[in-house]
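Inspection log for the structure reproduced underneath, given as structure tokens.
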Ligand SMILES: [Zn+2]
């Protein structure tokens, strides 16, 4: 089963390779992860970078964790 983020307003979705619980975790703590990312040498896991990019782009929109149809 694959999960991802879906933005209701833009009808856009992204499918980072991570379990549902991890995606929910990132979504709830995006503001913390963004701060931590500034101090991480060598970059973050791909799914975090992907997820963060989507969450930033859709900041203030209705974004949900969803299952890939
Ligand atoms: Zn959006």
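The values are calculated or read from the model by the stated rules, or taken from the named source; none is laboratory data. None of the values given here were measured: they were computed from a predicted structure. In this analysis, Cβ positions are derived from the backbone assuming ideal geometry, glycine residues included, and neighbour counts consider all displayed protein chains.
Within region 24-37, not a single residue is touching a residue at least 40 places away in the same chain (Cβ under 8 Å) and touching a helix residue (DSSP H, G or I) at 6+ places or on another chain (Cβ under 7 Å).
When region 52-69 is limited to residues that are closer than 17 Å to residue 9 by Cα and touching a helix residue (DSSP H, G or I) at 6+ places or on another chain (Cβ under 7 Å), the one that is surrounded by the fewest Cβ atoms within 10 Å (Cβ to Cβ) turns out to be 65. Among the residues of region 1-23, write down those that are more than 16 Å from the ligand (Cβ to nearest atom) and free of Cβ contacts under 8 Å to residues at least 24 places away in the same chain. Scanning region 1-23 gives 19, 21.
For region 21-69, how many residues meet the condition of being part of a strand (DSSP E or B) and within 10 Å of the chain's Cα centre (by Cα)?
Filtering region 21-69 down to residues part of a strand (DSSP E or B) leaves 63-67.
Adding the requirement that they be within 10 Å of the chain's Cα centre (by Cα) leaves 63-65.
Selection size over region 21-69: 3.
May I ask you to list the residues in region 58-69 that are in contact (Cβ under 8 Å) with a residue 12 or more places away in the chain and over 20 Å from residue 1 (Cβ atoms)? Passing the criteria: 58, 61, 62.
Does residue 18 qualify as being at pLDDT 95 or above and part of a loop (DSSP other than H, G, I, E, B)? For residue 18, the condition - at pLDDT 95 or above and part of a loop (DSSP other than H, G, I, E, B) - is met. Residue count for region 24-53, restricted to those that are away from the ligand (no atom under 16 Å from the Cβ) and closer than 21 Å to residue 68 by Cβ: 9.
Could you say whether any residue in region 3-16 is out of contact with any helix residue (DSSP H, G or I) (no Cβ under 8 Å at 6 or more places or on another chain) and on the phi > 0 side of the Ramachandran plot? Scanning region 3-16, I find at least one residue that is out of contact with any helix residue (DSSP H, G or I) (no Cβ under 8 Å at 6 or more places or on another chain) and on the phi > 0 side of the Ramachandran plot, so the answer is yes.
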